[in-house]
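Colleague: Dropping a structure here in structure tokens format, bear with me for questions.
The values are calculated or read from the model by the stated rules, or taken from the named source; none is laboratory data. Since the model is a prediction, treat every value here as computed from it, not as a measurement. Please note: Cβ atoms are built from the backbone with ideal geometry, for glycine as well, and neighbour counts cover all protein chains shown.
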Amino acid sequence: EAQVTQNPRYLITVTGKKLTVTCSQNMNHEYMSWYRQDPGLGLRQIYYSMNVEVTDKGDVPEGYKVSRKEKRNFPLILESPSPNQTSLYFCASRLRGTETQYFGPGTRLLVL
Amino acid sequence: AQKITQTQPGMFVQEKEAVTLDCTYDTSDPSYGLFWYKQPSSGEMIFLIYQGSYDQQNATEGRYSLNFQKARKSANLVISASQLGDSAMYFCAMRGGTSYGKLTFGQGTILTVHP
């Protein structure tokens, strides 16, 4: 089944403890993105990648890192999480030349 | 910089009636794309419809149509014959022409369909 998977789906952590949220797609998509969703703010793009080893900042990249070493994976790294990074995170992917973006199920993160 | 504005935090519609969800945008790119996504209470994001800035006709996908008015910079979503399952959060989004991977979303509109 064609899909975007994220792990974990739910995470509670403490301030300063490094964490990684994984994202994987099995559709051979070139484009991948990370978003965070906060009430009243909609979705805001954190980082995006247009292919392996090609990443760029979205609108809210501060406090986040990404890497794209393989086409299928696009992990989101929080080196030192803070409470203002408590949010719902979505990974998404898209095939180059098309407009339909496929979203993962979301990861709900709580930073205490 | 590109910006999307959805001014309706919530909308109500009677089942089987049509409803329009508003979206205005701002960009300096001559080429751009406009999208609508649906987010049901279960949380997943579902792509609904896409309109390219150079498309001559308004996009349609089943009961969804995008009312694209370029001069007014608006891209309203029209849902015809509303169904109870249409109750959800709806997001308008824009992709700029110069940065093909960048996508900007609006704040969203919660649609409630009454029986």
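Colleague: How many residues does segment A:1-13 hold that are exposed (fewer than 12 other Cβ atoms within 10 Å of the Cβ) and over 12 Å from A:Leu109 (Cβ atoms)? Write out each step before concluding.
Modeller: Going through segment A:1-13, the residues exposed (fewer than 12 other Cβ atoms within 10 Å of the Cβ) turn out to be A:1-2, A:10, A:12.
Then drop every residue that is not over 12 Å from A:Leu109 (Cβ atoms), which leaves A:1-2.
Count: 2.
Colleague: Next question. Just name the residue that is farthest from the other protein chains (Cβ to nearest Cβ) out of those in segment B:89-115 that are crowded, with 20+ Cβ neighbours inside 10 Å and of a type in the set (Gly, Ala, Ser).
Modeller: Start the filter on segment B:89-115 by keeping residues that are crowded, with 20+ Cβ neighbours inside 10 Å, which leaves B:90-95, B:101, B:103-106, B:108-109, B:111, B:113.
Narrowing the set further to residues that are of a type in the set (Gly, Ala, Ser) leaves B:93, B:101, B:106, B:108.
On the way: B:Ala93: 8, B:Gly101: 4, B:Gly106: 5, B:Gly108: 5 Å.
Among them, the one singled out is B:Ala93.
Colleague: Can you name every residue in segment B:61-115 that is of a type in the set (S, T, N, Q) and assigned to a strand (DSSP E or B)?
Modeller: Residues of segment B:61-115 that are of a type in the set (S, T, N, Q), as a first pass: B:65, B:67, B:69, B:74, B:76, B:80, B:82-83, B:87, B:98-99, B:104, B:107, B:109, B:112.
Correct list: B:Ser65, B:Asn67, B:Gln69, B:Ser74, B:Asn76, B:Thr104, B:Thr109, B:Thr112.
Colleague: Could you identify the single residue in A:Arg36, A:Arg44 that is modelled with pLDDT of 95 or more, within 11 Å of chain B (Cβ to nearest Cβ) and either on the phi > 0 side of the Ramachandran plot or out of contact with any helix residue (DSSP H, G or I) (no Cβ under 9 Å at 6 or more places or on another chain) (or both)?
Modeller: Values: A:Arg36 fails: either on the phi > 0 side of the Ramachandran plot or out of contact with any helix residue (DSSP H, G or I) (no Cβ under 9 Å at 6 or more places or on another chain) (or both).
So the residue among A:Arg36, A:Arg44 that is modelled with pLDDT of 95 or more, within 11 Å of chain B (Cβ to nearest Cβ) and either on the phi > 0 side of the Ramachandran plot or out of contact with any helix residue (DSSP H, G or I) (no Cβ under 9 Å at 6 or more places or on another chain) (or both) is A:Arg44.
Colleague: Within segment A:59-81, is there a residue that is outside any strand (DSSP E or B), closer than 22 Å to B:Thr109 by Cβ and at pLDDT below 95?
Modeller: Step one: filter segment A:59-81 for residues outside any strand (DSSP E or B), giving A:59-64, A:67-72, A:74-75, A:79-81.
Those left that are additionally closer than 22 Å to B:Thr109 by Cβ: A:59-60.
Still in the list and also at pLDDT below 95: A:59.
Yes, segment A:59-81 contains at least one residue that is outside any strand (DSSP E or B), closer than 22 Å to B:Thr109 by Cβ and at pLDDT below 95.
Colleague: For A:Asn51, which of the numbered conditions (1) more than 28 Å from B:Ile110 (Cβ to Cβ); (2) surrounded by fewer than 21 Cβ atoms within 10 Å (Cβ to Cβ); (3) facing chain B (nearest Cβ under 9 Å) fails to hold?
Modeller: Single failed check for A:Asn51: (3).
Colleague: Moving to a separate point now. Restricted to segment A:63-91, and to residues that are within 13 Å of A:Asn51 (Cα to Cα) and within 14 Å of another protein chain (Cβ to nearest Cβ), which residue is surrounded by the fewest Cβ atoms within 10 Å (Cβ to Cβ)? If you could, list the steps in order and put the result at the bottom.
Modeller: If we filter segment A:63-91 for residues that are within 13 Å of A:Asn51 (Cα to Cα), which is where we start, we get A:66-74.
After this cut, where a residue has to be within 14 Å of another protein chain (Cβ to nearest Cβ) as well, the list is A:66, A:68, A:74.
Values: A:Val66: 21, A:Arg68: 19, A:Phe74: 29.
Going through the qualifying residues, I end up with A:Arg68.
Colleague: Still on this structure, I have one more. Test A:Gln101 against the stated conditions and say whether it is closer than 24 Å to B:Pro40 by Cα, at the interface with another protein chain (Cβ under 9 Å from one of its Cβ atoms), modelled with pLDDT under 95 and under 15 Å from the mean Cα position of the chain (by Cα). So that I can check it myself, show each step before the final result.
Modeller: Values: closer than 24 Å to B:Pro40 by Cα: yes; at the interface with another protein chain (Cβ under 9 Å from one of its Cβ atoms): yes; modelled with pLDDT under 95: yes; under 15 Å from the mean Cα position of the chain (by Cα): yes.
For A:Gln101, the condition - closer than 24 Å to B:Pro40 by Cα, at the interface with another protein chain (Cβ under 9 Å from one of its Cβ atoms), modelled with pLDDT under 95 and under 15 Å from the mean Cα position of the chain (by Cα) - is met.
Colleague: Pull out all pairs, ordered by first then second residue, where Cβ-Cβ is under 6 Å, the residues are six or more apart or on different chains, the first lies in segment A:1-22 and is in contact (Cβ under 8 Å) with a residue 40 or more places away in the chain, and the second is part of a loop (DSSP other than H, G, I, E, B) and among the hydroxyl-bearing types (Ser, Thr, Tyr).
Modeller: Final answer for the pair search is A:Thr15/A:Ser82; A:Gly16/A:Ser80.
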